[in-house]
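Values in this text are rule-based calculations from the coordinates and carry no lab data. This one's a predicted model, so the numbers in the text were calculated from it and none came from an experiment. Cβ atoms come from the backbone with ideal geometry, glycine included; neighbour counts cover every protein chain shown.
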Amino acid sequence: MNVKKQIIPAIIAKSQGELDNLLEKVVDLVEIAQLDIMDEKFVPNMSLFFDFKLPKTSCKFEAHLMIKNPEIWIEKNWEKVDTILIHYESCENPKELIQKVKTKDRRVGFVLNPETSLENIHDFIDEIDQVLIMTVNPGFYGSPFLPEMLDKIKELRALRSYIDIEVDGGVTDKTIDLVNNAGANLFVSGSYIMKAKDVKGSIDTLKKHVE
């Protein structure tokens, strides 16, 4: 399995000021940051659902779209980010959306909620760059980790040895070994990093677990 392992902080923000403050904490410490886009409809929370601006930085950004009608957001905002992650549950025509993102020369991935089976993405798995497996029910920082998702990670890694498998939800120093051993290579961590007194220390701790 020759896939790069990375720690990715997750950003939830309700204003440009809050976004700026949170990004300042992490953009110099990681290669990728995840922007959690929420519309209060697909999930019961609101985040970054406004015309936000991002700093010029070597850090890449991925947009995790926890929203209804993701195609509308993509049309307006695709230039801001490097990777677009779409919830399978929110989209009527996955293949059409994949093509839309690909024509814009962006990476594209699909996100699976805990109850969504891998079978749903079998038809187009070879057309996407990554799969994000939710290890919590989405929408909040700090939800409890669901260990039953480890089998889904293992199954996907057995299916595609080279695909980027990202996990999001409840990733801390206590759970990262479980998802790493199951076959994930991209580890999204929200509250464990963003609410830490020592943000760099938290990132370094997680990195040590997967090196």
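If you project the alpha carbons of region 60-109 onto the principal axes, what extent comes out on each, in Å, largest first?
Sorted from largest, the Cα extents of region 60-109 read 26, 20, 18 Å.
Just report the Cα centroid separation between region 81-95 and region 1-58, whole Å.
Between the Cα centres of region 81-95 and region 1-58 lies a distance of 17 Å.
Could you pull out every residue, at least 5 positions away or on a different chain, whose amide H is within less than 5 Å of the one on Ile8? Hs are placed 1.01 Å off N in the peptide plane, and Pro or chain starts have none.
The list, which skips near neighbours in sequence, is Phe187, Val188, Ser189.
Report, in deg cm²/dmol and to the nearest 500, the calculated mean residue ellipticity at 222 nm for the chain, where each DSSP H run with n ≥ 4 adds -39500 (n - 2.57) and the sum is divided by the residue count.
Helices in the chain give a 222 nm mean residue ellipticity of -8000 deg cm²/dmol.
Percentage of Cα-Cα pair distances in region 6-210 greater than 32 Å, rounded to whole percent?
So the portion of pairs separated by more than 32 Å is 9 percent.
Find the eigenvalues of the gyration tensor of the Cα atoms of region 76-151, then list the square roots of 5 times those eigenvalues as equivalent ellipsoid semi-axes, largest first, in whole angstrom.
Semi-axes, largest first: 23, 15, 10 Å.
So which trypsin sites (Lys or Arg not before Pro) in region 97-130 end up in coil per DSSP with only 16 or fewer other C-beta atoms within 10 Å?
Those that pass, being in a loop and sparsely packed, are Lys104.
Taking 28 Å as the cut-off for C-alpha to C-alpha distance, list the pairs among Lys14/Lys56; Lys53/Lys102; Lys56/Lys207; Lys4/Lys56; Lys53/Lys152; Lys53/Lys197 that go past it.
Lys53/Lys152
Write down the Kirkwood hydrodynamic radius of region 114-211, to one decimal in angstroms, obtained as one divided by the mean of 1/r over all alpha carbon pairs.
With all distinct Cα pairs of region 114-211 included, I get 13.9 Å.
Could you pull out every one of the aspartates and glutamates with an alpha carbon less than 14 Å from that of Lys208, ignoring same-chain neighbours closer than 8 positions?
By straight Cα distance, Lys208 reaches Asp173, Asp177.
Would you pull out the residues with amide H under 5 Å of Val108's amide H, same chain only if 5 or more places away, H placed 1.01 Å from N?
Ile84, Asp129, Gln130
Given points 7 Å out from each Cα along the Cα-Cβ axis, report the Gln99 to Asn2 separation in nanometres with one decimal.
Going from the Gln99 label point to the Asn2 one covers 3.2 nm.
Which trypsin sites (Lys or Arg not before Pro) does region 1-73 hold that lie in a coil by DSSP with at most 10 other beta carbons within 10 Å?
Here the trypsin sites (Lys or Arg not before Pro) that fit, given the DSSP loop and packing criteria, are Lys4, Lys53, Lys56.
Kindly work out what percent of the DSSP beta bridges joining two residues of the chain are antiparallel, to the nearest 5.
5
Exposed loop sites here are chymotrypsin sites (Phe, Trp or Tyr not before Pro) in DSSP loop states with at most 13 other C-beta atoms within 10 Å. What is the longest stretch of the chain lacking them?
Result, exposed sites excluded: 51-161.
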